[in-house]
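One structure below.
A short reminder: the numbers here are calculations on the coordinates, not readings from a lab. Keep in mind the model is a prediction, meaning the values are calculated, not measured. Ideal geometry is used to build each Cβ from the backbone, glycine not excepted, and the neighbour counts take in all protein chains shown.
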Amino acid sequence: MQRSAKQLREDALRIWWAGVHAVQPERLIPEFVAVDDETLWLGDQAIDLRSIDRIAIVGAGKAGAGMTLALESALGEKLLDEKNVTGWVNVPADCIEPTRCVQLHAARPAGVNEPRPEGVVGTTEILSLVRQLGPRDLCLCVISGGGSALLPAPIEGLSLETKIELTREISARGGTIEQMNAVRRELSTIKGGGLARACHAGRLVSLILSDVLGDDLETIASGPTVVRQSTPALSLQVLEELKLGDLPAGRAAVLLLERRNQQAIKCEVPSCEVVNLLVGNNAMAVDSAGIEAERLGYSHAMISATESEGTAESVAEHLVGMAESMRTGAGPDCLITGGEPTVHLAAESVRGKGGRNQQLALAALTALEDWRGLALLSGGTDGEDGPTDAAGALVNEQIAAQAKEKQLDLADYLRRNDAYRCFEQTGGLLKTGPTGTNVCDLRVIVVDKDEQ
């Protein structure tokens, strides 16, 4: 089947969007939450509603608005009124929507994926609400990726500014999400099970949408409802590995963590029963993208990473190699992968604008001279890629030709992490706005095979 560059681009977009649409909260939540007469079903748990006085909904994440709306819909108007449902959920500022009974709080500006003072205000409200609940109350929590930055509650002795500086440096040095959240958990009163320990309801059920490869519940949003033993020694190891001890923020964190390590803090057991339900992940998006690829006539291969992938450049190199093999050899003509690479940031004095998906796409464009019969799309399923208004980028023959015609120094743009401005000139940016979900990144390669 002959496919033009235009068709390859359109097909890559259709396949990518099919994956994103499959993990929308309005599709996922009804599979886990249902009301049947006097019974509330949460996963496979049946709760007698006559034993519940009030229901509170709390949480945080980039998918928080969609999860809240879907949860309100699943509970239904009658139950919302009868159980005096109320709540508070921290979300990015561009995700605020009208709700029936839950306060959606702008905990950070759009595109600023780090703790902010308004996030501290919202987190304080959440902790206050769950502490007011009683043994006959039910607390429902909606958690998704981005929740760590949206739930800032620094431990005593650590300022918000210090925590912001520390997380910026971890990111700049290519720290993985596991490393980042290992530190965040120990320096927070709400992460690492802190929300569960603060909750005085009889039962706490958390609905979790995973943006973490391998779906480690302790790592997703730093695990606010996952009760665990404090591990300051692990956080100290991360700070040492990333050589952060010489920075002011790093020194402050080390002192606090060493003190906590010496205190040997015991794991406090929550007073409420805690259940954590995983409602969606990257593998679901990859599978659904594959179904759309098949519908469009492609023979596809699919991979959803379960652990950290390495740098955007190394992932791009692998994908380019696979694309060249598919173009000239037998077998699939579509590859769909999910994951989340890391990016080592250039010095701030020369650093440009971009995100990990744009960096990956630019690395692929730089690595391959001939893009005939190929299209590659890499995008964050949340619609945010770094501090930009793009979800990622797309590369095909036309975009490669534009870069050559404009004589763009691709290697220089790549070195300075300035992929956004590069693709801005070639028409390769993927701009979606907030998608309402967040399950890591989704990449699509489609191929028009050479005639054998």
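Worth pointing out:
- Amide H partners (placed H, <5 Å) of Gly193, local residues excluded: Thr225, Val226
- Think of the chain as a dipole: +1 on every Lys or Arg Cβ, -1 on every Asp or Glu Cβ, centred on the Cα centre; then among Ile170, Asn357, Gly329, Ile170 lies furthest on the positive end.
- Using equal-weight Cα scatterers in the Debye expression, the normalised intensity of region 132-203 in log10 at q = 0.15, 0.21 Å⁻¹ is -0.57, -0.93.
- Taking one quarter of the surface of the C-alpha convex hull of region 363-452 gives a mean projected area of 6.4 nm².
- The GluC sites (Glu not before Pro) of region 355-452 that meet both conditions, a loop assignment by DSSP and at most 11 other Cβ atoms within 10 Å of the site Cβ, are Glu369, Glu451.
- The chain - percent relative contact order, Cα under 8 Å, separation 6 or more: 18 percent
- With the gyration tensor restricted to C-alpha atoms of region 403-452, the semi-axes of the equivalent ellipsoid amount to 23, 22, 11 Å, longest first.
- Note on region 202-244: Rg/Rh from Cα positions, Kirkwood definition for Rh, rounded to two decimals, is 1.08.
- Only Lys, Arg, Asp and Glu carry charge here, each on its Cβ (+1 for the first two, -1 for the last two); on that basis region 195-321 has a dipole of about 780 debye about its Cα centre.
- Cα shape, region 49-136, gyration tensor, a/c 1.5 rule: oblate
- Per-residue ellipticity at 222 nm from helix content only, as computed over the chain with -39500 (n - 2.57) for each DSSP H run of at least four residues, stands at -12000 deg cm²/dmol.
- Considering only Leu442, Cys141, Ala293, and ranking their Cα positions along the charge dipole of the chain that arises from unit charges at the beta-carbon of Lys, Arg, Asp and Glu, the one farthest toward the positive end is Cys141.
- Value of relative contact order over region 111-171, rounded to a whole percent, pairs C-alpha under 8 Å and six or more apart: 55 percent
- Selection among Leu187, Ala283, Ala5 by position relative to the dipole of the chain gives Leu187 as farthest towards the positive end (Cβ unit charges, Cα centre).
- Cα-based equivalent ellipsoid of region 1-148: semi-axis lengths in Å, sorted from largest, via gyration tensor: 33, 22, 11
- Charged-residue dipole, Cβ positions (Lys, Arg, Asp, Glu), region 35-157 about Cα centre, Debye nearest 20: 320 debye
- The spacing between region 293-371 and region 183-221, judged by their C-alpha centroids, is 31 Å.
- For a straight C-alpha distance cut-off of 30 angstrom, the lysines reachable from Lys83 (same-chain residues fewer than eight places away being disregarded) are Lys62, Lys191.
- Rounded to the nearest whole angstrom, the semi-axes of the ellipsoid equivalent to region 302-447, taken from the Cα gyration tensor as √(5λ), stand at 21, 19, 14, largest first.
- Cα-based Rg and Dmax for region 166-290, where Dmax is the largest Cα-Cα distance (Å): 16.0, 51
- Beta-bridge orientation, the chain: approximately 45 percent antiparallel, per DSSP, counting only bridges with both partners inside.
- DSSP bridge pairs, region 265-410: antiparallel proportion in percent, nearest 5: 45 percent
- Taken about its Cα centre, the chain carries a charge dipole of about 900 debye when Lys and Arg each add +1 at the Cβ and Asp and Glu each add -1 at the Cβ.
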